[in-house]
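The values are calculated or read from the model by the stated rules, or taken from the named source; none is laboratory data. Everything numeric here is computed off the predicted structure, so don't read it as measured data. When we count neighbours, we look across all protein chains shown, and the Cβ atoms used for this are built from the backbone with ideal geometry, even at glycine. All accessible areas refer to the heavy atoms of the entire protein, side chains included, with ligands and DNA or RNA removed. Shrake-Rupley method; radii C 1.70, N 1.55, O 1.52, S 1.80 Å.
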Amino acid sequence: MKKFSNLNKLKAANLIQPIFIEERLKSKKIIKGLGENYSHTLQSAKKIITSDINKGVKNFLFFIIPKKKQRKPEDFNFHYQVLSNIKKTFGNRILVIVDTCLCSITTDGHCGVTHKNKINLNETHKSLGIAADTFIQAGADIIAPSDMMKDTTKYLKLLFKKKQYKIPIMSYSSKFFSSFYGPFRNAAKSSPKKFDRSSYQLPVHDLKKAIQSSITNAKQGASYLMVKPGITSIDLIKEIKNKTKLPTGAYQVSGEYASLQYLSQNKLGDFDKLYKESLVAIHRAGADFIITYGARDIAKNL
């Protein structure tokens with residue numbers, strides 16, 4: 001199970017590179033604030049993955065943005081086409097982790113199916129189950145639910161048992177209602193409408209609730225746990241690991257990464273030094289893996 005473990009020194013094996021693939025694009029498009037990260041077509045994504053492998057990056061987190069939005073998502077055909085093509089192309093040379101959420105496919109940008117400005121949990125679980133099933137059939141190695149809905153891990157584990165899937169779950173188990181997600185939401189076309197996500201994401205001030213969220217996901221069957229945003233949540237990592245005995249990582253989110261880019265672009269710091277220091281600090285805090293937008297830029301220097 002332990003594909004990720006906390007090595008004494010930060011190494012490329014600890015890092016996960018996000019990849020965005022958007023159906024409506026004809027060519028790759030720069031993501032504002034995220035340096036050399038792009039929203040990709042399938043073909044441009046395959047080119048960058050090939051380059052990343054040569055740089056020592058083997059772990060990828062895929063965000064797939066379809067053209068068609070759905071109120072109750074059930075058609076994940078574009079996701080299937082993308083993932084199956086990538087798996088066929090690269091096989092076991094890469095670890096395919098798939099972000100499993102609805103925010104990029106729902107008509108209102110929420111992480112679940114909504115009704116009268118509230119989340120319909122049953123419909124949300126149903127759509128997430130269809131998504132996860134599709135991703136696994138397409139070749140996903142790890143399913144990573146980021147929706148932060150109640151009992152999603154439990155629901156998916158029951159589904160996996162019924163389907164006889166032996167696929168691990170990387171839960172976004174302690175994910176905060178944060179102001180650091182801006183560049184990502186632009187890339188993923190996932191800004192929420194009508195109401196915000198405070199009803200299902202964690203309040204930043206509530207340490208106890210954040211720890212308990214990871215403990216609950218561990219009890220429900222997650223194989224890997226995560227804190228998000230990474231830099232502002234590093235105080236949680238060791239306690240989560242101590243209480244759950246599970247590999248626990250951090251997501252250095254788009255706003256955190258963009259902040260380092262901004263300092264560098266305005267000659268207020270050297271990006272390479274800023275970036276490496278930020279990753280070393282997260283790793284020092286106990287993170288077994290780090291999802292970060294610059295994995296490809298630092299992998300060879302570790």
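Relative to the present Cα-Cα distance, how much length would full extension add between K208 and K116 at 0.36 nm per residue of separation? Before the final figure, lay out the partial values.
Values: separation 92, 0.36 × 92 = 33.12 nm, distance 3.01 nm.
Length gained between K208 and K116: 30.1 nm.
Viscosity 1.002 mPa s, temperature 20 °C: what is the translational diffusion coefficient of the stretch 11-101 from Stokes-Einstein with a Kirkwood Rh over Cα pairs, rounded to a whole number of µm²/s?
Using the Kirkwood radius from Cα pairs, D works out to 156 µm²/s.
For the stretch 1-135, give the share of DSSP beta bridges that are antiparallel, in percent and rounded to the nearest 5; count only bridges with both residues there.
25
Assigning unit charges at the beta carbon (Lys, Arg +1; Asp, Glu -1) and nothing else, what dipole magnitude in debye, to the nearest 20, does the chain show about its Cα centre?
Here the size comes out at about 540 debye.
Leaving out ligands, DNA and RNA, what percent of the accessible area of the chain is carbon and sulfur, probe 1.4 Å?
For the chain, the apolar C and S fraction of the accessible surface comes to 49 percent.
So what is the 222 nm mean residue ellipticity for the chain from helices alone, if each DSSP H run of at least 4 adds -39500 (n - 2.57) and you divide by all residues, rounding to the nearest 500 deg cm²/dmol?
-12000 deg cm²/dmol
Projected onto the charge dipole of the chain (+1 at Lys/Arg Cβ, -1 at Asp/Glu Cβ, origin at the Cα centre), which of S27, V253, L156 gives the Cα projection farthest towards the positive end?
L156
Over 5 Å intervals from 0, what percent of Cα-Cα pairs in the stretch 176-302 sits in each interval?
2, 10, 19, 20, 19, 15, 10, 4, 1, 0
Where q = 0.20, 0.27 Å⁻¹, what log10 of I(q)/I(0) comes from the Debye formula for the stretch 95-164, counting one point per Cα?
For the requested q values the scattering log ratios are -0.78, -1.30.
Could you bin all the Cα-Cα distances of the stretch 6-162 into 5 Å bins starting at 0 and give me the percent of pairs in each, rounded to whole numbers?
2, 9, 17, 20, 19, 15, 11, 5, 1, 0
Using the Cα centre of the chain as origin and beta-carbon charges of +1 (Lys, Arg) and -1 (Asp, Glu), tell me which of H115, A287, N6 is placed farthest towards the positive end of the dipole.
H115
Measuring from centroid to centroid over Cα atoms, what is the spacing of the stretch 42-109 and the stretch 242-302 in Å?
Using only Cα atoms to place each centre, the spacing works out to 22 Å.
Send over the per residue convex hull volume for the chain, Cα only, as a whole number of Å³.
Per-residue hull volume (Cα only) is 122 Å³.
To the nearest 10 Å², what's H205's accessible area with a 1.4 Å probe?
Surface open to solvent at H205 totals about 150 Å².
Between R185 and I30, with labels modelled 7 Å along Cα→Cβ, what's the label distance in nm to one decimal, could you check?
Here the answer is 2.3 nm between the modelled labels.
With the crude spin-label approximation of a point 7 Å out along Cα→Cβ, what separation in nm comes out for E23 versus S84?
In this crude label model, E23 to S84 measures out at 1.5 nm.
In square angstrom, what is the accessible area per residue of the chain with a 1.4 angstrom probe?
46
Could you list log10 I(q)/I(0) for the stretch 128-226 at q = 0.18 Å⁻¹, which the Debye formula gives when each Cα is one point scatterer?
-0.91
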